[in-house]
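As structure tokens, the structure follows; a few thoughts come after it.
Just so it is clear, none of the values below were taken in a lab; they were calculated from the coordinates. Quick caveat: nothing in here was measured; it's all calculated off a predicted structure. A quick note on method: Cβ atoms are made from the backbone with ideal geometry, for glycine too, and the neighbour counts reach across all protein chains shown.
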Amino acid sequence: MAVTRRSFLGGAAAVAASMSTRFSFGMPFGLQPGIQLYSVRQQMAEDFEGALAAVREAGFVQVESASLPKKPAKEIRAALDKAGLKCVSSHRSFVDVTKNLDETIEFEKTMGVSYIICPGPGRKNPPAPGTKAGPLTIEDWQYNAESFNTTGAKLKSEGITFGYHNHWLEFEPVDGKVPYEELLRICDPSKTTFELDCGWAMVAGHNPAELFKKYPHRFSMLHVKDFKLPSNPSPANHEEAKVTELGRGSIDYKPIFAAAGKNQKITHAFVEQEAFDIPWKESLKVDADYLKAL
């Protein structure tokens, strides 16, 4: 079949358009720009579809869900599809991934996720209603790890990978042990993975690059956020760290991604902007541009 100038240019344009989504970002490992929807929780509550459109306009292609409006999964999936966003991962509570796991699976399969991530620990013996919970014990953390193995096995049979997401608390020693190290020790790598929140690790005084070296092949996803760190980061003074936009704080992600490339197989990286220093749409654009410049 003869190829005319018009058909050639049309085909080239189509190829360029398809490539622009995946290959023109300049992100490490050929990843696509992702964002955790907790970043726009207030905006989603006010105008769900408008917030999703703004996320896509800023340059993000993939999302990890959290703080979604109370809507059926099919309705949320349709809104994401309309915005041109793919939900590849979801944050769900400890209760959701243990006691309510079947319901969680049904919802997230409709969403089309590949990962379900727990962003915080449960307790072996929850306090009675109306009573104040004490500090987590090392037995609580070990119970979490064992529960995650059970959840991970169930999700694996459903074609979904289960993982855990940290904050600063996991790095505060308990009974002479570091909870995060206990999670990594007990969680079965064949059933679980870890999503490292690089920003919170730095707040707690732990360099993600060193964690990647110490625990090769245990992390598959990253949370990317920036803080203005105190002079001596540690769990004890985590409140002194102030969140800001990427590239405007203390954290340089180039060596972090370089170390991840040597020791891990990273499948997704999500910006999580917990608070805005500047107008929110401008903030999203700053973060997306930072990721693309890596």
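Would you please classify the overall shape of the range 165-272 from the alpha carbon gyration tensor, given that a ≥ b ≥ c denote the square roots of the eigenvalues, rounded means a/c under 1.5, and beyond that prolate means a/b larger than b/c while oblate covers the rest? Kindly include the intermediate steps, with their values, before the conclusion.
Numbers: a/c = 1.99, a/b = 1.17, b/c = 1.71.
Taking the square roots of the gyration eigenvalues as a ≥ b ≥ c, the range 165-272 is oblate.
Give, as a single signed number, the net charge of other residues whose beta carbon lies under 10 Å from the beta carbon of Phe219, with Lys and Arg counted +1 and Asp and Glu -1. Show your work: numbers first, answer last.
Numbers: positive: Arg218, Lys265; negative: Glu195.
Summing Lys and Arg as +1 and Asp and Glu as -1 gives +1.
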What is the dipole size for the range 32-293, taken about its Cα centre, with +1 at each Lys and Arg Cβ and -1 at each Asp and Glu Cβ, in debye to the nearest 20? 540 debye
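In a shell of Cβ-Cβ distance under 13 Å around Phe94, excluding Phe94 itself, what net charge do Lys and Arg (+1) and Asp and Glu (-1) give? Walk me through the numbers on the way to the answer.
Details: positive: Arg92, Lys99, Arg123, Lys124; negative: Asp96, Asp140, Glu146.
Net local charge, Phe94 excluded: +1.
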Could you tell me whether the range 146-202 comes out rounded, prolate or oblate from its Cα gyration tensor? Rule is a ≥ b ≥ c as square roots of the eigenvalues, rounded for a/c under 1.5, then prolate if a/b exceeds b/c, otherwise oblate. oblate
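Find the relative contact order for the chain and round it to a whole percent, using C-alpha pairs within less than 8 Å whose residues are 6+ positions apart. Write down the numbers at each step before the final one.
Working: 497 pairs, mean separation 53.3, N = 294.
Taking the mean separation of contacting Cα pairs over the length of the chain, I get 18 percent.
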With respect to the cross-link table entries Lys99/Lys281; Lys71/Lys154; Lys74/Lys228; Lys213/Lys292, which display a Cα-Cα separation exceeding 32 Å? Lys99/Lys281; Lys74/Lys228
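What is the Rg over Rh value, at two decimals, for the chain, using alpha-carbon atoms and the Kirkwood definition of Rh? Intermediate results must be reported in sequence, preceding the final value.
Working: Rg = 20.1 Å, Rh = 20.2 Å.
Ratio of gyration radius to Kirkwood radius for the chain: 0.99.
If you average 1/r over all unlike Cα pairs in the range 74-227 and invert the result, what Kirkwood radius do you get in angstrom?
On the way: mean 1/r = 0.0609 Å⁻¹.
After inverting the mean inverse Cα-Cα distance, the result is 16.4 Å.
Beta carbons within 10 angstrom, averaged per residue: use that to sort the peptides 271-279, 160-168, highest first.
On the way: 271-279: 17.4, 160-168: 22.3.
Packing order, densest peptide first, comes out as 160-168, 271-279.
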